[in-house]
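Undergrad: Below are the C-alpha cells for one structure; questions will follow.
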Amino acid sequence: MHTTFPAFEISRLPRIIFGEGTATRIPELVQQYGKRVLLVTGARSFLQSSQWAALQAELQNGKCEISILQVEQEPSPQMVDAAAKTYRSAGIDVVLGIGGGSVLDTAKAVAGLLRVENSVMDYLEGVGPELPYPGNAVPFIAVPTTAGTGSEATKNAVLSVQGPEGFKKSFRHENLVPHYAVLDPQLLVSCPRSQIAANGMDALTQLMESYVSLKANPFTDALALSGIEAVRDGLFAWIDNKPNAAEGRAKMAYAALVSGITLAQVGLGSVHGLAAPLGAYFPIPHGVACGTLLAVCTQTNIDALQQRSSKSVALDKYAEVGRLLANQPQMNDEEARQDLIQRLERWTAALELPRLSAYGMRGDDIPKVVANCRGNSMKTNPVEVTNEEVATMLATRL
C-alpha cells in the first residue's frame, strides 16, 4: 500500500550536548581520543577567560599535550594548508574547536587535512580538481562561542579568498561532521551587540531558507519552526539585556544549532546564494550580508512565487513563518506574509545592520555579484529568481 507521506533522508549529525555548564564536560570528551590535543580558538577572548584557565588545568591534569592555533579572520585555503602542515607530524589525536564560525570552520578543515598530504584546494567545491576526499579526518569536537552559523552541526568548512578574483567555497564530507557539539550558553556571555545581531540574523536566515527549501522535509520543517520560535523569543531578550536575557541567550544557541542541522540536510536559498560572492569580493561579514538581504530576498521570493508558481507550498510556509514571528495564529495568509516582510525590515533597522555600500560595494559591482551567485544555495531556493530580480535586490541594499 502506498503512502503520501514524503520519503526523506537525514545525513550524519554530531552527538549534541546542550545546556548551561556543559563546557565542564569537554576534558572527558577530549580524553576519549588521546592525549595530543590541537585547540583551535580565536585571537583573544577565550584564551583570556576563566573558562580557558579551568579547561587548561583539567587537560593538563589529564596529561594532555596542548597545541594552540589562533584564528583571527575568516579561514582561507592557504591558512588551512599552513596549519595542517605545521601540525601534521605532531600526531594530533583530537581537534578541539572553541570559538565562532570562522574558528569552527578552520578546526573542521584542519582536522580533515592532518592525515592527508593534499592541499584543501584539491577538495574544494567548484574551484579545483574536486578530488574525492578519502575521509580519514581526525576526531573533532566543536564548541561554539557565538550563536549564528551552526557550523557545529554541519559537514562543510567554508573557506574564502577575498578580492577581485575571490571565492567562498566549501570543503565538504560526512566525516568532517564533529564527533561532539558542546553548546554551553554561558560561553556566549561576552558576545558584543554587533555580533549578536549579525549572527542572530544569520541563524534566522538559515532557518527560514531551509524551511522553504525545495528539499525541505517534515523532519527539518519541525526543527526549523522550533528554531524560528526560539529566535522570536530569544534574540531581542538577549541583545537588549532584558530580565530574561540568559534564557534568550540559550534560545539563540539552540536556534543556531538547529539552523546548522537544517541547512546541512536540505540546503538554503537566495540570501546565501548572494552572501557567497558578497563575502568573497568585499569585507562583508557573513551574518551582516544575510541580515541585510533577508527582508528583500523574502519579498522577492514571495512576489515571484505569486506571479509564477502560485500553488507552491512555499507561499503557505512564508505565511506560517509570518504568523509564528508575530505570534498571531489567526492571521490570514496574505496578512501574515506582509507582516513577515515588515517585521524583517524593522528587525534589520533595529539591529543596525550596515548596508552593502558600507563595505565598498557600488552599483557597478552588481553585475559581477549577479554573475557569481548561482551556487548550490540558489538551486534550493523555492523559486528561480531572474538576474534582473537579483540585481534589483542588491540595488535596494546599497
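The values are calculated or read from the model by the stated rules, or taken from the named source; none is laboratory data. This one's a predicted model, so the numbers in the text were calculated from it and none came from an experiment. Cβ atoms come from the backbone with ideal geometry, glycine included; neighbour counts cover every protein chain shown. Accessible surface areas use protein heavy atoms only, side chains included; no ligands, DNA or RNA. Shrake-Rupley method; radii C 1.70, N 1.55, O 1.52, S 1.80 Å.
Undergrad: Rounded to the nearest 0.05, what FRET efficiency do residue 334 and residue 36 have when you use their Cβ-Cβ distance and R0 = 51 Å? Before the final figure, lay out the partial values.
TA: Working: r = 60 Å, r/R0 = 1.17.
Efficiency at R0 = 51 Å is approximately 0.30.
Undergrad: Please compute the length gained on full extension between residue 43 and residue 190, using 0.36 nm multiplied by the number of residues separating them and subtracting their Cα-Cα distance.
TA: Values: separation 147, 0.36 × 147 = 52.92 nm, distance 1.41 nm.
So the chain would gain 51.5 nm between residue 43 and residue 190.
Undergrad: State in Å² the accessible area per residue of segment 15-188; use a 1.4 Å probe, count heavy atoms of protein chains only, and round to the nearest integer.
TA: Working: 7040 Å² over 174 residues.
Dividing the accessible area of segment 15-188 by its residue count gives 40 Å².
Undergrad: At 1.4 Å probe radius, can you tell me the per residue accessible area of segment 193-397 in Å²? Present the calculation step by step, with values, prior to reporting the outcome.
TA: Details: 7660 Å² over 205 residues.
Per residue, segment 193-397 has an accessible area of 37 Å².
Undergrad: Sticking with this one: Of the accessible area of segment 15-188, with the probe set at 1.4 angstrom, what percent is carbon plus sulfur? All intermediate terms of the calculation are to be shown ahead of the outcome.
TA: Working: 3230 of 7040 Å².
C and S fraction of accessible area: 46 percent.
Undergrad: At a Förster radius of 45 Å, what calculated FRET efficiency corresponds to the Cβ-Cβ distance of residue 308 and residue 161, to the nearest 0.05? Can you show the working numbers first?
TA: Values: r = 36 Å, r/R0 = 0.79.
Rounded to the nearest 0.05, the efficiency is 0.80.
Undergrad: Could you please report the charge total around residue 174, scoring K, R as +1 and D, E as -1 over all other residues with beta-carbon less than 9 angstrom from its beta-carbon?
TA: Working: positive: 12, 155, 172; negative: none.
Net local charge, residue 174 excluded: +3.
Undergrad: Could you state the number of Å between the C-alpha centres of segment 91-111 and segment 335-388?
TA: So the separation of the two Cα centres works out to 30 Å.
Undergrad: Then there is this: Cβ under 12 Å from residue 51's Cβ, residue 51 left aside: what net charge do those residues give with Lys, Arg +1 and Asp, Glu -1?
TA: Values: positive: none; negative: 58, 184.
After counting each charged neighbour, the total is -2.
Undergrad: Work out the FRET efficiency for residue 350 and residue 244 from their Cβ-Cβ distance, taking R0 = 25 Å, and round it to the nearest 0.05.
TA: On the way: r = 18 Å, r/R0 = 0.71.
With a Förster radius of 25 Å, E is 0.90.
Undergrad: Compute the angle between helix 387-396 and the longest alpha-carbon principal axis of the chain, please, reported from 0 to 90 degrees and rounded to the nearest 10.
TA: So the inclination is approximately 80 degrees.
Undergrad: What residues qualify as long-range amide H neighbours of residue 115, i.e. H under 5 Å apart, gap of 5 or more or another chain, H built at 1.01 Å from N?
TA: Amide H neighbours of residue 115: 138.
Undergrad: In the structure shown, do any of 108/379; 169/215; 215/379; 108/168; 35/155; 169/379 have a Cα-Cα gap over 18 Å, and if so which? List each step's numbers first, then the result.
TA: Values: 108/379 25 Å; 169/215 21 Å; 215/379 10 Å; 108/168 16 Å; 35/155 25 Å; 169/379 15 Å.
In this structure, 108/379; 169/215; 35/155 exceed 18 Å between Cα atoms.
Undergrad: Using the Karplus curve 6.51 cos²θ - 1.76 cosθ + 1.60 with θ = phi - 60°, what ³J(HN,Hα) values do you get for each residue of segment 221-235, in whole Hz, with x for Gly and Pro?
TA: Residue by residue, segment 221-235 yields 4, 4, 5, 4, 5, 5, x, 5, 4, 5, 5, 3, 8, x, 4 Hz.
Undergrad: Please list, in order along segment 84-90, the HN-Hα scalar couplings obtained from phi with the Karplus expression 6.51 cos²θ - 1.76 cosθ + 1.60 (θ = phi - 60°), rounded to whole Hz, x for Gly and Pro.
TA: Whole-Hz 3J(HN,Hα) from phi for segment 84-90: 4, 5, 4, 9, 4, 8, 7.
Undergrad: I would also like to ask the following. At 222 nm, what value in deg cm²/dmol follows for the chain if DSSP H runs of at least 4 each add -39500 (n - 2.57) and the sum is divided by all its residues, to the nearest 500?
TA: Numbers: 14 runs with 191 residues, N = 398.
It lands at -15500 deg cm²/dmol.
Undergrad: Return the sequence-ordered ³J(HN,Hα) values of segment 320-328 in whole Hz as given by the Karplus equation 6.51 cos²θ - 1.76 cosθ + 1.60 applied to θ = phi - 60°, using x for Gly and Pro.
TA: 5, 5, x, 5, 5, 5, 7, 6, 10
Undergrad: Further, regarding this structure: Using the basic label-point model (7 angstrom from Cα toward the beta carbon), what is the residue 379 to residue 57 distance in nanometres?
TA: The modelled label-to-label distance comes out at 5.1 nm.
Undergrad: Roughly how many nanometres apart are two label points built 7 Å out from the Cα toward the Cβ at residue 136 and residue 327?
TA: In this crude label model, residue 136 to residue 327 measures out at 5.4 nm.
Undergrad: Let me ask something else about it. Based on the mean of other Cβ atoms within 10 Å per residue, sort peptides 100-113, 150-163 so the most packed one is first. Each step should come with its number before you reach the end.
TA: Details: 100-113: 28.4, 150-163: 22.9.
Going from most to least packed, we get 100-113, 150-163.
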